[in-house]
1. How much length, in nm to one decimal, is gained on full extension between E36 and D156, taken as 0.36 nm per residue of separation minus their Cα-Cα distance?
2. When the dipole is taken about the Cα centre of the range 80-185, and only Lys, Arg (+1) and Asp, Glu (-1) are charged at their Cβ, what size is it in debye, to the nearest 20?
3. Choose one answer from E17, E103, E164: the residue with the largest mean-square fluctuation in a GNM of the chain with alpha-carbon springs under 10 Å.
4. Using r as the Cβ-Cβ distance of N54 and A99, and R0 as 25 Å, what FRET efficiency do you calculate, to the nearest 0.05?
5. Leaving out ligands, DNA and RNA, what percent of the accessible area of the range 136-176 is carbon and sulfur, probe 1.4 Å?
6. Quick one: dipole size for the chain, taken about the Cα centre, charges +1 on Lys/Arg Cβ and -1 on Asp/Glu Cβ, in debye to the nearest 20.
7. Multiply the residue separation of R120 and N27 by 0.36 nm, subtract the distance between their alpha-carbon atoms, and state the gained length in nm to one decimal.
8. Principal axis lengths of the chain from Cα atoms, whole Å, largest first?
Amino acid sequence: MFSSTVLAEDIYEFQIEGMGIGDSLLNHFSKTEIQEYFYPNSTKFAGTMHAIDNGTYEYVRVHYKTDNKFIEKKSNENFIIYGIGGLIYYPNNIDACYAKEKEIIKSLETDFPYSEKSVRDIISHRADPTGKTTYSYTKFIMNGGSITIECTDYSDSMTTKGHEDYLGVMINSNEFIDWLKYEAY
């Protein structure tokens with residue numbers, strides 16, 4: 001599902017679709033391909049989402065610090081990645097999502113038996129006001145950040161609005177995680 005160095009010491013050794021924390025997004029996409037979106041309360045970080053052809057994931061969602069793109073240096077020093085996630089959609093097949101989630105978790109537990117792990121079973125998703133959309137997640141806390149694996153099961157009312165059940169594997173730096181917790185929403 002992702003590449004890692006066995007017994008990696010920190011988050012910077014992981015990649016999703018060849019991209020990792022600290023890399024430049026411009027090594028993978030041109031500026032015209034980067035369609036950024038922002039969060040409600042802060043523009044410190046921007047996100048972008050891209051379809052992946054012939055990859056492990058169907059899409060990647062990448063977050064970068066917005067001030068990086070204004071640095072007048074070599075282009076590969078702009079758009080530095082602070083968070084990256086791979087997504088696989090499971091329309092109306094949440095059981096397949098849960099099976100893949102368990103497979104990835106087992107692999108991480110084997111490769112990183114001493115990492116701190118945080119598990120949340122099925123909980124309500126705040127994006128759905130009805131409370132019927134749920135998700136589960138497991139987080140492996142590493143030096144410099146974390147890896148999170150989650151399955152989101154959208155309610156019928158959310159799927160009629162275009163949402164689909166999905167598996168997400170996210171690699172996030174501590175700086176990006178703190179921003180999400182305290183500034184983004």
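The values are calculated or read from the model by the stated rules, or taken from the named source; none is laboratory data. These numbers come from a predicted model, not from an experiment. For neighbour counting, all protein chains shown are included, and Cβ atoms are generated from backbone atoms with ideal geometry for every residue, glycine included. Each accessible area value is taken on the protein alone, full model and side chains, heavy atoms only, with ligands, DNA and RNA left out. Shrake-Rupley method; radii C 1.70, N 1.55, O 1.52, S 1.80 Å.
1. 40.4 nm
2. Around 100 debye, computed over the range 80-185.
3. Among E17, E103, E164, the largest mean-square fluctuation in the Gaussian network model of the chain belongs to E103.
4. 0.65
5. 43 percent
6. 380 debye
7. That works out to 30.0 nm of additional length.
8. Dimensions of the chain along the principal axes of its Cα atoms: 47, 39, 36 Å.
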